[in-house]
Amino acid sequence: MSCPEFRRASVFAAVLVLLPLGGARACGPDFPYRLLDDRAGALATLPEGSFVQEARRLGAPIDGLGRASDATLRRYWDAGTQFPQQRGDVERTQLGAERAARIEQLRALHDAQRAEREGADLPPELRLYTAGAVAFAQGAYPLAADYFRQVLALPAAQRRARSTWAAYSLGRSLALAADGALAGDAEARRQAYRQQAREAWQQTRALRIAGFDDPLELGIASLGEEARLLLATGDWNGAIGLYAVQAAQGSDTGMSSLKQVAADLAGRGDAELAPLLRQQAVRRLLIAKLLSNTTAFDAEDAAGDTLTSARFLRLLRDAGIDPVEDADRLAALAYRQGDYAGAGRLLAHAGDSGLAWWLRAKLAVRDGDAARAAQAYAQAARRFPPDEEWGMRHNDDEEHEAFRPQCRIEGEAAILALQRGSYLEAFAQLYRSGEVYWEDAAAVAERVLTVQELQDYVDRNVPAAPPSAAGVTPEYWERPPALKLRELLARRLMRAGRYDAAVPYFAQAELREAAQRYRDARRDAASAWTGIGRAEANYRAALIARRNGMEVLGYELGPDNRVYAGNYGERTPHAQLRPGGLISAAEAQRWDATAAQPYQRYHYRWIAAALADRAADDLPARSQAYAAVLCQATDWLINLDPAQARRSYQRYVAHGALNPVPGQAYVFGVGACETPDFEGARRRLWSDRWQALRNAVHTHRLALGAACLALLAAGIWYVRRRKRCNGDAAAPQA
């Protein structure tokens with residue numbers, strides 16, 4: 001190797017040592033679960049249910065009571081600080097700062113009767129309620145109850161603001177009075193107080209429904225208070241029903257109370273729990289817990305939870321309880337513990353619920369009956385509301401799934417559709433999930449459907465969205481699936497060379513413009529009359545492929561991951577599929593035929609480098625442009641494919657000028673590449689041609705001189721011969 005070549009090779013080698021040689025797997029976001037990456041698991045597993053959805057079977061909302069908002073206390077254990085603050089905010093809004101401050105002064109007293117006297121300037125409902133609040137704070141619950149009854153005895157027009165407050169507080173006063181009933185007639189008095197407390201809380205709800213002010217949403221809170229009272233008396237059915245209604249009104253407190261009750265029941269022994277299972281609300285609450293695998297609030301509660309699906313089903317069986325109305329849920333519990341025969345027996349009585357048909361589909365898959373499974377999946381999907389959500393799910397790989405049962409069922413059906421070759425049906429089922437299984441839908445659109453199948457589907461079903469507001473360009477992952485699908489199709493068409501068809505599917509003007517420039521450059525390269533013109537067009541195409549490749553040529557998933565703007569590598573490379581099991585040979589063939597070439601992250605950089613190398617084919621080797629395009633080809637791959645980058649560099653070493661721009665420092669392939677001077681290349685081409693001609697003349701001057709003399713002699717001979725022939729023709733004949 002010559003010294004100049006050694007110096008250039010040393011620089012290149014140093015760059016390779018200093019820079020990373022491949023894409024590293026970076027920490028990424030919480031990636032979504034992909035059904036197609038876990039086909040057998042998706043079909044076999046029955047995911048966790050939703051405690052919220054199951055709780056709806058326990059109680060329905062009460063019309064007119066309203067939905068819970070931030071005004072409803074979220075937790076009982078910090079109500080001591082929350083409630084006074086909320087109450088004070090409401091009173092300042094209702095009454096004004098001056099009167100609210102006056103009431104706070106009265107509340108600070110320790111004598112209810114004094115508060116009543118000193119509040120003589122207040123309207124009766126405010127004076128009496130404030131006196132009752134003072135008595136309540138002092139623990140004088142019977143006296144407090146008497147004041148609250150006086151508020152409720154006022155004419156309706158005079159107690160619009162404090163009726164719900166008085167009824168709710170009356171219930172609390174009576175419940176606490178029951179707890180403190182003295183010996184003797186304590187039990188009778190306790191029962192009387194509790195019954196009166198329940199009536200007061202029921203009155204609270206009636207007043208709210210009748211239109212009395214309820215800014216603290218005490219009508220909803222009264223459900224939990226009454227439920228707690230029933231729970232203390234052993235009325236599980238009644239308590240669970242009221243908590244369920246409270247939860248149905250949107251109260252977090254109601255939902256958390258149901259979880260606490262479920263955890264309490266789950267921790268009881270067989271002898272205590274078995275009789276309670278005869279109550280429908282108890283059974284259904286425990287079914288909700290087992291289906292959703294939920295716990296109460298802390299590890300201590302969870303640790304004491306010994307209820308399993310197997311134990312629950314055994315307790316029902318031993319007690320002779322056969323709740324046909326819950327057969328689908330019980331079948332789900334049996335299925336999830338691996339008792340498939342038991343699940344099948346229960347499903348015979350399960351009716352036509354979505355869950356029942358979903359389980360029938362899974363059992364059909366286990367039996368190998370794909371046709372029966374497909375029919376059952378179709379029935380199941382129709383029976384779940386499209387908007388029903390079961391919350392977020394995470395698997396052991398920390399993949400998330402925004403669970404909507406109808407979408408999941410259609411996604412599982414899509415796995416069977418792919419297996420039988422119904423590719424468009426499978427795509428449509430996955431695409432209908434929206435964002436939930438977008439990556440699965442994209443995989444089918446990009447790798448399984450033909451370009452024409454995808455284009456026909458988009459043209460029929462996915463119209464272009466109206467232009468967004470000027471200057472608003474959402475991040476790619478924020479765009480709706482319809483927009484992402486159209487751009488996925490656009491990029492497939494671009495990769496297939498169908499440039500004119502591709503351009504309209506790009507939503508953004510800048511992407512359409514980039515696609516058009518790439519199209520024009522590729523066409524100019526194919527039709528150019530001169531080598532330099534062809535080189536210039538190929539280099540223009542190379543620059544676009546490098547700078548806009550992700551947007552106009554990139555794969556939605558592997559290897560480029562346009563779905564994450566290319567910021568994260570592919571989790572599991574899928575260059576090829578191996579047929580077998582749920583993957584047919586026909587699907588694998590389609591998949592393999594659509595793989596990126598090469599199957600490398602940022603594959604369009606290889607396209608750009610190849611176009612730059614192709615441009616070098618038509619450039620004078622000693623020109624600045626030749627060095628510049630090979631420098632770019634090297635730079636674009638130096639971190640991704642060092643071997644290919646080295647080939648471009650070695651081509652320059654073998655044929656290019658040491659320094660195409662004399663007097664300037666020049667580092668090859670490390671981001672300092674110059675812009676190719678194609679005009680200079682044209683001048684260099686003609687200069688090289690003229691120099692080549694001069695060199696040829698100089699090298700072969702003797703032969704050329706001899707040839708010229710020979711030609712001159714031949715010319716002289718020819719002229720003389722011609723004259724002689726003409727003279728002979730002109731002489732007279734004898």
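The values are calculated or read from the model by the stated rules, or taken from the named source; none is laboratory data. Please read all numbers here as calculations on a predicted model, not as lab measurements. Positions of Cβ are generated from backbone atoms using ideal geometry, with glycine treated the same way; all protein chains shown enter the neighbour counts. What goes into the accessible areas is simple: the full protein's heavy atoms, side chains included, and nothing from ligands, DNA or RNA. Shrake-Rupley method; radii C 1.70, N 1.55, O 1.52, S 1.80 Å.
Structural remarks
- Test: residue in the stretch 650-661 that is surrounded by 23 or more Cβ atoms within 10 Å (Cβ to Cβ) and either at pLDDT 90 or above or in a loop (DSSP other than H, G, I, E, B) (or both): yes
- Hits in the stretch 576-605 (condition: closer than 25 Å to A417 by Cα and under 23 Å from the mean Cα position of the chain (by Cα)): none
- Criterion applied to R701, R647, R684 was being at pLDDT below 80, open to solvent by 90 Å² or more (accessible area, probe 1.4 Å) and either charged (D, E, K, R) or under 27 Å from W529 (Cα atoms) (or both), and the one residue passing it is R701.
- Residues satisfying the stated conditions in the stretch 630-647, i.e. part of a helix (DSSP H, G or I), in contact (Cβ under 8 Å) with a residue 24 or more places away in the chain and over 13 Å from V670 (Cα atoms): Q644
- Within the stretch 592-606, being out of contact with any Pro (no Cβ under 8 Å at 6 or more places or on another chain), touching a residue at least 60 places away in the same chain (Cβ under 8 Å) and surrounded by fewer than 22 Cβ atoms within 10 Å (Cβ to Cβ) holds for T594, A595.
Residues checked against (1) in contact (Cβ under 8 Å) with a residue 40 or more places away in the chain; (2) surrounded by fewer than 23 Cβ atoms within 10 Å (Cβ to Cβ); (3) assigned to a loop (DSSP other than H, G, I, E, B):
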site	(1), (2), (3)
C407	no, no, no
E410	no, no, no
L418	yes, no, no
E435	yes, yes, yes
D440	yes, no, no
Q452	no, yes, no
L483	no, yes, no
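- Residue in the stretch 561-568 that is outside any loop (DSSP other than H, G, I, E, B), more than 30 Å from A681 (Cβ to Cβ), open to solvent by 10 Å² or more (accessible area, probe 1.4 Å) and without any contact (Cβ under 8 Å) to a residue 24 or more places away in the chain present: no
- Within the stretch 129-176, the set of residues being of a type in the set (A, V, I, L, M), over 16 Å from L216 (Cβ atoms), part of a helix (DSSP H, G or I) and open to solvent by 10 Å² or more (accessible area, probe 1.4 Å) comprises A137, L143, L152, A153, A156, A157, A175, L176.
- Residue, most open to solvent (accessible area, probe 1.4 Å), within the stretch 97-119, restricted to residues that are assigned to a loop (DSSP other than H, G, I, E, B) and not small (G, A, S): H110
- Boolean, E513 is of a type in the set (D, E, K, R), more than 30 Å from R420 (Cβ to Cβ), part of a helix (DSSP H, G or I) and without any contact (Cβ under 8 Å) to a residue 12 or more places away in the chain: yes
- Filter pass, F427 being modelled with pLDDT of 90 or more, touching a Ser or Thr at 6+ places or on another chain (Cβ under 9 Å) and open to solvent by less than 60 Å² (accessible area, probe 1.4 Å): no
- A Cβ distance below 7 Å, combined with a sequence gap of six or more or placement on separate chains, defines the contacts here; from the stretch 364-375, residues that are under 16 Å from R39 (Cα atoms) reach residues that are of a type in the set (D, E, K, R) in the pairs A364/R372; A370/R420.
- Some residue of the stretch 513-534 being open to solvent by 10 Å² or more (accessible area, probe 1.4 Å), in contact with a Phe, Trp or Tyr (Cβ under 6 Å, 6 or more places away or on another chain) and at pLDDT below 95: no
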